[in-house]
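The values are calculated or read from the model by the stated rules, or taken from the named source; none is laboratory data. Since the structure is predicted, the reported quantities are computational estimates derived from the model, not experimental observations. Cβ: placed from backbone, ideal geometry, glycine included. Neighbour counts: every protein chain shown.
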Amino acid sequence: MFPNESVLECADPGKNSGFVANRSKTPASIVSEPARIVPFNRPDLAPPMSPVSPPARQAVAGAGLLTILLFSCISLLCYSGVCRALSLQTSIWVMLAIFAAATVSGVAGFAFSAICGAMLFHLVQSPISVVETMIVCSIAIQLLSVATLKNAIDPRHLGRFLAGGIVGLPVGVYLLTHVAGSIYMECMGVFLIGYGVYMLVRKPGTTVCHARTIGDYFAGFLGGITGGFAAFPGAFVTIWCGLKGLPKDQQRGVYQPFILIMQILALAALFFVQSTHRGAGQIDPLAAAYIPAALLGTWCGIAIFRRLTEMQFAWSVNVLLVVSGVGLVA
């Protein structure tokens, strides 16, 4: 064998029935076995490497993200100027808060309401107006996100979460309109902080993949309650999908459509409740004026998500759970 040639490895004759059948009729001296080519592991024979090195690719990706962020910020400032020219009573601080929350939540696909609410409740006096604004913006965010992840959605899997969420949603709307939510919000915030910290420090690979489907219904039920009460339906569904060990695209393919549908139902429920109390349904029209800020932030977050590994995605989800808990407690 010549040193610059390739090694010929004999294939397993048992894998080729025709070859075995002819073997008994052919003299061993003239039997030729099929061969496959396995190249030497030698630098001089290795294929040429890509002209772009990994550091260069990372630099290009970073430059792309920076360009997206700069373009989004400039667009946001221009849109704010348009709103002023049209005499819309929008707040630049509310717009920036929505943009920042949408960017951070766009990385993992949830926690927009928790992050945004922690800021808006200090900027806007009416709690119902805050919830309405977050729901309207969240619907726009989830529409954009679901459109980008439509191939990862499993309707049968998603249906179990929705069934539980539809049952829990009226409970959450009742709590919003009849019960002071300070204790509830603090308890939920402490739970999310504790769970997020535990998931960050635990050993990787711990899942409950063999959990029964009843957990899907129960997680959806809890998500319906938090969705109607605090416009935050995604926390428990996100936790459950993470515990089941689903891939990142499959996780977002479950909880992002769930958040979208729950937000639409919660908005309809709020419209109905206000119509029964005030005689006519009324949703603050200014809530729609903040949608562009939410979409720009989501675009930035999705751009970051596409560059994450599974481990980085899991880490970002758990960090956002902690941030969500802090936002609810603050």
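Quick notes on this structure:
- For residue 223: the one exception among (1) touching a residue at least 24 places away in the same chain (Cβ under 8 Å); (2) assigned to a loop (DSSP other than H, G, I, E, B); (3) crowded, with 19+ Cβ neighbours inside 10 Å; (4) of a type outside the set (Phe, Trp, Tyr): (2)
- The set of residues in region 186-240 that are at pLDDT below 80, under 23 Å from residue 146 (Cα atoms) and under 18 Å from the mean Cα position of the chain (by Cα) comprises 231, 232.
- Region 260-280 residues that are within 30 Å of residue 298 (Cα to Cα) and at pLDDT 80 or above, paired with ones that are assigned to a helix (DSSP H, G or I) and hydroxyl-bearing (Ser, Thr, Tyr) (beta carbon under 7 Å, 6 or more apart): 263/138
- All helices (runs of 4 or more DSSP H) inside region 92-166 with 2 or more residues being more than 19 Å from residue 324 (Cα to Cα): 92-108, 127-148
- Subset of region 245-276 [more than 16 Å from residue 163 (Cβ to Cβ) and touching an Asp or Glu at 6+ places or on another chain (Cβ under 9 Å)]: 247, 248, 250, 253, 267, 270
- Within region 92-119, being under 13 Å from residue 232 (Cβ atoms) and surrounded by fewer than 24 Cβ atoms within 10 Å (Cβ to Cβ) holds for one residue alone: 118.
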